[in-house]
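Reviewing the structure listed below.
The values are calculated or read from the model by the stated rules, or taken from the named source; none is laboratory data. Computed from a predicted model, the values in this text were never measured in an experiment. A quick note on method: Cβ atoms are made from the backbone with ideal geometry, for glycine too, and the neighbour counts reach across all protein chains shown.
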Ligand SMILES: [Zn+2]
């Protein structure tokens with residue numbers, strides 16, 4: 001019979017934060033940025049990490065998912081807090097650009113509402129705040145967050161940096177940058193959230209299918225062997241290394257040109273992602289199993305988006321925190 005102590009020890013791993021498979025995309029994007037920065041601009045990475053640690057030093061219970069690798073581990077924070085009092089930033093994870101799949105005009109759908117406080121303007125607002133642009137206090141992000149941050153400017157920046165790392169992942173998920181609008185969905189289908197598919201690996205709609213990198217994180221051992229088990233955060237050195245080798249493979253399989261990631265044109269990023277999202281509605285039917293042909297066609301698209309997001313995140317961090325201080329000019333690019 002196990003002693004009481006053994007029973008308690010057996011329970012210990014369950015106390016950590018369980019990372020659902022949907023989080024893996026974010027952990028991959030931030031890890032790609034981490035690897036790139038570590039190699040090319042470790043000072044910028046160290047400065048960004050210092051800023052992240054300000055909030056956890058002030059409030060140690062802020063995020064139980066963060067341990068030795070906060071830059072990567074904090075990438076899931078923006079989702080975690082949605083259900084724990086952080087719903088005020090739920091609309092900042094996406095932009096509902098209308099996708100008129102029946103070739104209509106948006107003026108035919110007066111009930112469709114576009115929210116200007118979305119992922120594009122949220123990314124700009126946070127970057128502007130961290131960069132201390134002259135008008136950063138006029139931004140809705142700053143104005144929404146500061147009262148919630150005990151009016152501690154640095155605590156707010158530290159918190160906002162967590163959101164920025166997460167949003168750089170979301171803005172590259174094709175179904176985070178569009179909403180299909182047609183006769184059936186006159187107010188939009190919320191990026192495929194209203195497109196039901198039979199439950200497969202916990203994905204019950206088209207949006208979730210894409211959140212899982214088109215089922216990548218369940219059946220495919222080439223990318224993430226970690227998906228076969230429950231991953232706890234903070235990482236152990238073993239899980240850190242395991243994800244690291246998966247990420248290296250992903251990066252070598254997807255070449256990204258400097259011209260693609262060395263820019264801050266957030267609206268253009270969202271437009272690119274929107275265009276990736278249009279074909280996501282082709283070759284798949286509501287309430288029917290997602291065909292294998294769809295999966296094999298779209299998985300590489302989703303994978304490449306992860307790498308592109310990681311590279312753009314690295315460049316943004318390098319710009320905001322790097323010693324070369326391109327940041328002095330960053331506001332020119334951001335607006
Ligand atoms: Zn999100």
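Working only within the range 138-155, note down all residues that are more than 16 Å from the ligand (Cβ to nearest atom), under 18 Å from residue 93 (Cα atoms) and buried (at least 17 other Cβ atoms within 10 Å of the Cβ). Correct list: 139, 142, 145. Residue check: residue 214 meets all listed conditions (1) part of a loop (DSSP other than H, G, I, E, B); (2) modelled with pLDDT of 95 or more; (3) in contact with a helix residue (DSSP H, G or I) (Cβ under 9 Å, 6 or more places away or on another chain); (4) more than 16 Å from the ligand (Cβ to nearest atom) but one, namely (2).
Just one of the numbered conditions (1) in contact (Cβ under 8 Å) with a residue 40 or more places away in the chain; (2) over 24 Å from residue 174 (Cα atoms); (3) assigned to a loop (DSSP other than H, G, I, E, B) is not true of residue 85: (1). On the stretch given as the range 68-94, residues that are over 19 Å from residue 147 (Cβ atoms), within 19 Å of the chain's Cα centre (by Cα) and more than 14 Å from the ligand (Cβ to nearest atom) total 5. In the range 164-190, the residues that are without any contact (Cβ under 8 Å) to a residue 24 or more places away in the chain form Cβ pairs under 7 Å with partners that are more than 15 Å from the ligand (Cβ to nearest atom) and part of a loop (DSSP other than H, G, I, E, B), at six or more places apart or across chains, as follows: 185/194; 189/195.
Between 97, 121, the distinction of being touching a strand residue (DSSP E or B) at 6+ places or on another chain (Cβ under 9 Å) and over 24 Å from residue 239 (Cβ atoms) belongs to 97 only.
Could you grab me the full set of residues in the range 30-64 that are surrounded by fewer than 22 Cβ atoms within 10 Å (Cβ to Cβ) and assigned to a loop (DSSP other than H, G, I, E, B)? Those that are surrounded by fewer than 22 Cβ atoms within 10 Å (Cβ to Cβ) and assigned to a loop (DSSP other than H, G, I, E, B): 41, 59, 60, 61, 62, 64. In the range 100-114 there is at least one residue matching the filter, namely being in contact (Cβ under 8 Å) with a residue 12 or more places away in the chain, in a helix (DSSP H, G or I) and either within 16 Å of the ligand (Cβ to nearest atom) or touching a strand residue (DSSP E or B) at 6+ places or on another chain (Cβ under 8 Å) (or both).
For (1) surrounded by fewer than 24 Cβ atoms within 10 Å (Cβ to Cβ); (2) part of a loop (DSSP other than H, G, I, E, B), each residue gets a yes or a no:
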site	(1), (2)
168	no, no
172	no, yes
175	no, no
185	yes, yes
193	yes, yes
197	yes, no
207	yes, no
